[in-house]
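Values quoted throughout were computed directly from the atomic coordinates according to the rules given, and no laboratory measurement underlies them. Since this is a predicted model, take the numbers as computed values, not measurements. Heads up, the Cβs are rebuilt from the backbone with ideal geometry, glycines too, and the neighbour counts pull from every protein chain shown.
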Amino acid sequence: MNKRYQPSVKLTENDVTDEDVYLQRRKVLKSLGFIGLGSLLPNSSQAFNLFGSKEETPTRTFVTQPLSFAKPEKYASQETQTPYEKVTSYNNFYEFGTSKEDPAKLAQEFKVEPWTLTIDGLVNKPITLSYDDLTQRFSLEERIYRLRCVEAWSMVIPWIGFPLSELIKQAAPLSSAKYVAFETLFDPKQMPGQASRFVGGGLDYPYVEGLTLAEAMHPLTLMSVGLYGKTLMPQNGAPIRLVVPWKYGFKNIKSIVRIRLTDKQPRSTWNELAPHEYGFYANVNPNVDHPRWSQKTERRITAGGLLSTKRIDTQLFNGYSEVASLYSNLDLRKFY
Ligand code: MTE
């Protein structure tokens, strides 16, 4: 547990409250100055919020690029996809503020080029990837995955990326490597939440995450460089982020600059902040409730207002049962 910082904002189940309560809460927070920053920005235009009503959001100025990619049948899906508009306007990226709308508003000037991603630690061949390497060094493919946030909302997103295992193989891990540690860019000049505890919710930056080496090498684990056919918007973690579809969303660290192979369990931002609420493993599990809310069901965000969608049952490992063998010797209640 991080003793120095107490979070001023924690992940909450705010997405499952009634619309009136949500809007009331925003009004109160606004009057207290807690969600002032994003809403004070100029150049606003009308857009639909999750409830289907209109609210102010800024014009998108960040430019994405189309990507070339395969569409393997194995990762196709008949599930209704969450519209691009919602995937890119309802985000958790505390480096750009703690409300869901902040990242889309405050990240439009984020510079992704040049970028360097270093893979080092317990490897024979450390690698440094440039911005172009991220989309050109590996064959890209589309994978339609469910994303289940620990806050009990979920989306279905057509990610574009490559398996993390391919990157790790190129670095030639040493036999002593047991874990993989990830780190987000630290640049308080570009990320207002890193410059101010008030904006960034009191998290200890840079944001860090970790996986066991076996989890990192699993074929489902994806390094994503795009979604809906084009490169990522900054609010989704441009230029490269992790996607581990059987784990809660907070494991999916964004805007990664370093991947380090280690022999010790890596630090994890939310786990350090509140270990009794956010475990290192963070596997989606309807049988292990969050101390402050149930994890049995989730609200799937699709087209239409948030409250017009029905709650659906949450599935163990978010339905990706092929990963169960990774945890056959683990008590999932203890190692949540
Ligand atoms: N990565 C960084 N660096 N900072 C963050 O605040 N939030 C996490 C994760 N990755 C976060 C992050 C959480 S809580 C979730 S649910 C997902 O990103 C949300 O991803 P999305 O906004 O693309 O849906």
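Of note:
- Distances between placed amide hydrogens fall under 5 Å for Gly121 paired with Leu261, all partners being 5 or more residues away or on another chain.
- Efficiency of FRET from Cβ geometry, Tyr131 and Asp289, R₀ 45 Å, rounded to 0.05: 0.60
- For the listed residue pairs Lys111/Lys189; Lys71/Lys111; Lys74/Lys178, the alpha carbons are over 21 angstrom apart in Lys71/Lys111; Lys74/Lys178.
- Electrostatic tally near Leu211: other residues with Cβ closer than 10 Å to its Cβ, Lys and Arg +1, Asp and Glu -1, net 0.
- Nearest-0.05 FRET efficiency for Ala303 and Lys111, computed from C-beta distance (R0 41 Å): 0.80
- Net length available on complete extension from Gln78 to Ser196 is 38.2 nm, with 0.36 nm assigned per residue and the Cα-Cα distance removed.
- By the count of neighbouring beta-carbon atoms within 10 Å, fewest first, Arg292, Arg260 end up ordered Arg292, Arg260.
- Gyration tensor (alpha-carbon) shape descriptor, segment 182-336, a/c threshold 1.5: rounded
- Averaging Cα coordinates gives a centre for segment 132-161 and one for segment 264-287; these two points are 21 Å apart.
- Point-to-point label distance, Ser321-Lys178, nm (Cα→Cβ direction, 7 Å offset): 3.1
- Stretchable slack from Asp263 to Arg311, in nm (0.36 nm times residue separation minus alpha-carbon distance): 13.2 nm
- Under a 5 Å amide H cut-off, with hydrogens placed 1.01 Å from N, Arg258 pairs with Thr118, Glu183 among residues at least 5 apart or on other chains.
- Rg/Rh for segment 142-225 (Cα atoms only, Rh after Kirkwood) is 1.03.
- Cα→Cβ-extended label distance, 7 Å offset, between Asp120 and Lys230, nm: 3.5
- Magnitude of the charge dipole for segment 118-230, about its Cα centre and with charges confined to Cβ atoms of Lys, Arg (+1) and Asp, Glu (-1), is about 120 debye.
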